[in-house]
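This report refers to the structure that appears directly beneath it.
The values are calculated or read from the model by the stated rules, or taken from the named source; none is laboratory data. Since the model is a prediction, treat every value here as computed from it, not as a measurement. Cβ coordinates were reconstructed from backbone atoms using ideal geometry, including for glycine residues, and neighbour counts include every protein chain displayed. Accessible surface areas use protein heavy atoms only, side chains included; no ligands, DNA or RNA. Shrake-Rupley method; radii C 1.70, N 1.55, O 1.52, S 1.80 Å.
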Amino acid sequence: MKEFFKSYAGSLAFAAAGAFFIFLYTLHSGIGMSPDGVDYWTVARNFHDHGLLYDFHLQPMIDFPLGYPVFLALGNFLTSLSPLQFAPVLNEILFAVVILLSGRIMSRFRNPSSWYGIALLGCIALSPGLLEVYSMLWSETLFVVLTLLFFFSLHGYLSRGRGSSIIAMTLFAAIAADTRFIGVTLIITGGLLILL
């Protein structure tokens with residue numbers, strides 16, 4: 001454990017900084033809402049309260065995949081808090097995970113430079129695009145994490161040929177495809193890389 005903290009001290013520091021930035025973004029007004037976020041929130045609330053995947057019109061949700069609202073409903077079941085209440089903390093955690101996973105990827109570069117890693121992690125932690133995404137109730141927050149986990153498991157399968165890695169890769173691709181429609185590209189990418 002001590003070796004982990006020593007090896008990933010920079011990643012941990014930037015992950016904490018990134019989480020703190022999301023905390024500052026959501027401190028005053030809470031989590032940001034958009035029409036997509038309203039759909040996700042109401043479907044999660046209806047699933048938690050009534051067991052139905054219905055939007056605010058009390059119609060089945062058909063515009064978006066159901067992965068993210070179900071994820072929010074799971075958080076609602078576990079915390080007994082509304083998604084609007086726990087979403088800022090959830091997004092802080094997800095953004096920190098993105099930074100940690102990015103640091104792990106950079107540690108596997110052939111000739112890793114500490115300055116290069118610090119610069120890249122700083123760019124991720126201070127990225128206006130990522131800060132905006134992680135201050136909103138959007139499915140991209142979960143999708144980015146799932147995409148990084150997919151590539152980790154794909155690397156594990158291609159480098160070591162472990163069956164557990166391909167099962168994890170399949171699971172991450174399936175959840176990503178049910179979180180964002182563009183997640184289908186992970187299924188195609190994984191299949192092509194395995195075949196090639």
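Quick one: L81 ticks every box in (1) in contact with a helix residue (DSSP H, G or I) (Cβ under 6 Å, 6 or more places away or on another chain); (2) in a loop (DSSP other than H, G, I, E, B); (3) among the hydrophobic types (A, V, I, L, M, F, W, C) bar one, so which box is it?
Of everything listed in (1) in contact with a helix residue (DSSP H, G or I) (Cβ under 6 Å, 6 or more places away or on another chain); (2) in a loop (DSSP other than H, G, I, E, B); (3) among the hydrophobic types (A, V, I, L, M, F, W, C), L81 misses just condition (1).
Please go through segment 65-90 and give me each residue that is in contact with a Phe, Trp or Tyr (Cβ under 7 Å, 6 or more places away or on another chain) and among the aromatic types (F, W, Y), ordered by number.
Y68
Suppose the filter is closer than 19 Å to A96 by Cβ, in contact with a strand residue (DSSP E or B) (Cβ under 8 Å, 6 or more places away or on another chain), β-branched (V, I, T) and touching a residue at least 40 places away in the same chain (Cβ under 8 Å); does I31 pass it?
On the way: closer than 19 Å to A96 by Cβ: yes; in contact with a strand residue (DSSP E or B) (Cβ under 8 Å, 6 or more places away or on another chain): yes; β-branched (V, I, T): yes; touching a residue at least 40 places away in the same chain (Cβ under 8 Å): yes.
The answer is yes for I31.
Going by what's in this entry, would G75 be described as surrounded by 13 or more Cβ atoms within 10 Å (Cβ to Cβ), out of contact with any Asp or Glu (no Cβ under 6 Å at 6 or more places or on another chain), touching a residue at least 60 places away in the same chain (Cβ under 8 Å) and within 27 Å of I182 (Cα to Cα)? Even if it seems obvious, please write down each step before you answer.
On the way: surrounded by 13 or more Cβ atoms within 10 Å (Cβ to Cβ): yes; out of contact with any Asp or Glu (no Cβ under 6 Å at 6 or more places or on another chain): yes; touching a residue at least 60 places away in the same chain (Cβ under 8 Å): no; within 27 Å of I182 (Cα to Cα): yes.
Here the answer is no, as G75 does not meet what is asked.
For segment 150-167, what are the residues that are open to solvent by 50 Å² or more (accessible area, probe 1.4 Å), at pLDDT 90 or above and under 17 Å from R104 (Cβ atoms)?
Within segment 150-167, F151 is the sole residue that qualifies.
Being assigned to a helix (DSSP H, G or I), farther than 30 Å from G117 by Cβ, free of Cβ contacts under 8 Å to residues at least 24 places away in the same chain and of a type outside the set (D, E, K, R): is that true of L52 here? Explain how you work it out, then say what you get.
Working: assigned to a helix (DSSP H, G or I): no; farther than 30 Å from G117 by Cβ: yes; free of Cβ contacts under 8 Å to residues at least 24 places away in the same chain: yes; of a type outside the set (D, E, K, R): yes.
When the stated conditions are applied, L52 does not pass them.
Select from segment 24-55 the residues that are closer than 14 Å to F86 by Cα and open to solvent by 80 Å² or more (accessible area, probe 1.4 Å) and list them in ascending order.
Correct list: L27, S29, R45.
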